1. Is there a quick way to get the dipole size of the chain? I mean about its Cα centre, with the Cβ of Lys and Arg at +1 and of Asp and Glu at -1; what is the value in debye to the nearest 20?
2. Please state the shape class of the chain: rounded when a/c is under 1.5, otherwise prolate if a/b exceeds b/c and oblate if not, all from the C-alpha gyration tensor.
3. Can you give me the distance in nm between label points at GLU4 and LYS51, each placed 7 Å from the Cα along the Cα-to-Cβ direction?
4. Which shape class applies to segment 24-104: rounded if a/c is under 1.5, otherwise prolate when a/b exceeds b/c and oblate if not, where a ≥ b ≥ c are the square roots of the Cα gyration tensor eigenvalues?
5. Assuming R0 = 25 Å, what is the FRET efficiency of GLU44 and GLU133, from their Cβ-Cβ distance, to the nearest 0.05?
6. Treat the count of other C-beta atoms within 10 Å as a stand-in for reagent exposure and order ILE69, ILE9 from fewest to most.
7. Say the cut-off is 25 Å between C-alpha atoms; which of LYS29/LYS85; LYS113/LYS146; LYS47/LYS113 go over it?
8. Return the FRET efficiency for the residue pair SER99, ASP144: r is the Cβ-Cβ distance, R0 is 30 Å, and the value is rounded to the nearest 0.05.
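Each value in this text was obtained by applying a stated rule to the coordinates, not by laboratory testing. Quick caveat, the model's predicted, so the values are computed rather than measured. When we count neighbours, we look across all protein chains shown, and the Cβ atoms used for this are built from the backbone with ideal geometry, even at glycine.
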Amino acid sequence: MPLEYSQTIEISKPLAEVIEAYDSTENLKYWQPGLQEFTPISGEPGKTGSKSKMVFLNGKRTIEMVETITKNELPRSLACTYEAKGVFNEMENSFREESGKTFLTSHNVFHFKGFMKLLGVLMPGAFKKQSMEYMNNFKAFVEDGKSVLNE
């Protein structure tokens, strides 16, 4: 049974500024803790159909995943899949501007295999918490220039 949830965050910047920060692979390291590597595999990074390898250091564990952009309709939305050992995540981030602020909504559907299936059942809150942490990191980066590299 997949784990599915949506979360929304308000960013006190106009949509154009938020999208400029979001649509840059160079900025990923500033708001995604532990990101060690982002390497294009095929296609033009950020474009529909492109694939990239991402490597994260989480404590002493190294996590490798493949990101596939399934639909890029920025500035309105960006849909991706992330595939790692035992986990397949479908994510769609959508953006809307209201009164000079941007609302980012992230919709996630996690599919688990093997040992990760047990974690998905026992600790669904951990996945939601990590998603919200990334969203809050992104908000801090866009609003205040704060980077997770300085922590």
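1. Working: 18 positive and 20 negative charges, 124 e Å.
Computed charge dipole of the chain: roughly 600 debye.
2. Details: a/c = 1.44, a/b = 1.37, b/c = 1.05.
Rounded.
3. Each label point lies 7 Å from its Cα, and together they span 2.6 nm.
4. On the way: a/c = 1.94, a/b = 1.48, b/c = 1.31.
Here segment 24-104 falls in the prolate category.
5. Details: r = 29 Å, r/R0 = 1.16.
It comes out at approximately 0.30.
6. Working: ILE69 19, ILE9 15.
Fewest to most other Cβ atoms nearby, the residues stand as ILE9, ILE69.
7. Working: LYS29/LYS85 22 Å; LYS113/LYS146 35 Å; LYS47/LYS113 28 Å.
Violating the 25 Å Cα-Cα cut-off are LYS113/LYS146; LYS47/LYS113.
8. Working: r = 20 Å, r/R0 = 0.66.
Once rounded, the FRET efficiency stands at 0.90.
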